[in-house]
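Trainee: Below are the structure tokens for one structure; questions will follow.
The values are calculated or read from the model by the stated rules, or taken from the named source; none is laboratory data. Note that this is a predicted model, so its numbers are computed, not measured. Virtual Cβ from ideal backbone geometry, glycine too; neighbours counted across all protein chains shown. Ligands, DNA and RNA are excluded from the accessible area calculation, which covers all protein heavy atoms including side chains. Shrake-Rupley method; radii C 1.70, N 1.55, O 1.52, S 1.80 Å.
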Amino acid sequence: MDALKSVSLAAAMTNALVARDVPDPTAALAGELGVLAFKRGYAQWSESERDSKDELAEYPLAALDELRSASASLG
């Protein structure tokens with residue numbers, strides 16, 4: 001995913017969350033984490049030895065869980 005697409009996707013997610021009354025800092029963080037999770041998950045999915053039952057969505061969701069754990073460890 002090139003930089004411009006990443007920025008646009010993060011901005012779109014942030015704007016959608018702000019429109020749902022999520023505070024700006026929280027929305028911005030969620031947008032950036034969403035893009036990072038998708039990029040990591042897509043990379044894992046595309047490099048994996050998968051069968052036809054493997055869904056792309058499983059990989060970004062797992063990456064998001066890892067990122068949540070990592071951010072929680074920052075204190």
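Trainee: Kindly check whether there is at least one residue in the range 45-59 that is closer than 19 Å to Val7 by Cα and either assigned to a helix (DSSP H, G or I) or open to solvent by less than 50 Å² (accessible area, probe 1.4 Å) (or both).
Mentor: no
Trainee: Looking at this structure, is Leu17 among the aliphatic types (A, V, I, L, M), without any contact (Cβ under 8 Å) to a residue 40 or more places away in the chain and part of a helix (DSSP H, G or I)?
Mentor: yes
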